[in-house]
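Novice: Below is the structure I would like to discuss, written out as structure tokens.
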Amino acid sequence: QVQLVESGGGLVQPGGSLRLSCAASGSRFSTYAMAWYRRAPGKQRELVAGITPSGGRTNVAESVRGRFTISRDNAVNTVYLQMNSLKPEDTAVYYCNAGYYNGGAYYAYDYWGQGTQVTVSS
């Protein structure tokens, strides 16, 4: 089992940047693939970015490609989401998740953080 705690959200102007962090408890962090999801008001939850257990491979949604980067530091059990060139449509609650890859697709375990609000507005 793993517990996840997100931080780093806030209010930012369009074009600005934020870095989200997700701290994980437990000794098996390095065995999990990790991902960031988001849910905007009135919309379905969206997979934003994923990263393999070693950090050697990542994938990001087309909607954020070139602007968002996912990374991890297994030494401190933390996964990050660097968000640049933020747009109002990036406004959402962002969630960290632990899961696995199979056939190139990310699958979520039922391990979620409480979420962190990101608001992009002038």
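Novice: What list of ³J(HN,Hα) couplings, whole Hz, do you get for region 92-98 from phi and the Karplus terms 6.51, -1.76, 1.60, once you set θ to phi - 60° and write x for glycine and proline?
Specialist: 4, 8, 9, 10, 9, 9, 10
Novice: Could you list the trypsin sites (Lys or Arg not before Pro) in region 1-97 that lie in coil according to DSSP, counting only those with at most 13 other Cβ atoms within 10 Å of their Cβ?
Specialist: R28, K43, R57, R65
Novice: For Q114 and R65, FRET efficiency with R0 = 35 Å and r from the beta-carbon atoms, rounded to 0.05?
Specialist: E between R65 and Q114, to the nearest 0.05, is 0.85.
Novice: Then there is this: So what is the accessible area of region 1-46 per residue, in Å², with the probe set to 1.4 Å?
Specialist: Counting only protein heavy atoms, the per-residue value for region 1-46 is 57 Å².
Novice: Please compute the length gained on full extension between E46 and T58, using 0.36 nm multiplied by the number of residues separating them and subtracting their Cα-Cα distance.
Specialist: Values: separation 12, 0.36 × 12 = 4.32 nm, distance 1.61 nm.
Length difference between fully extended and current span is 2.7 nm.
The values are calculated or read from the model by the stated rules, or taken from the named source; none is laboratory data. Since the structure is predicted, the reported quantities are computational estimates derived from the model, not experimental observations. In this analysis, Cβ positions are derived from the backbone assuming ideal geometry, glycine residues included, and neighbour counts consider all displayed protein chains. With ligands, DNA and RNA removed, areas are computed over all heavy atoms of the protein, side chains included. Shrake-Rupley method; radii C 1.70, N 1.55, O 1.52, S 1.80 Å.
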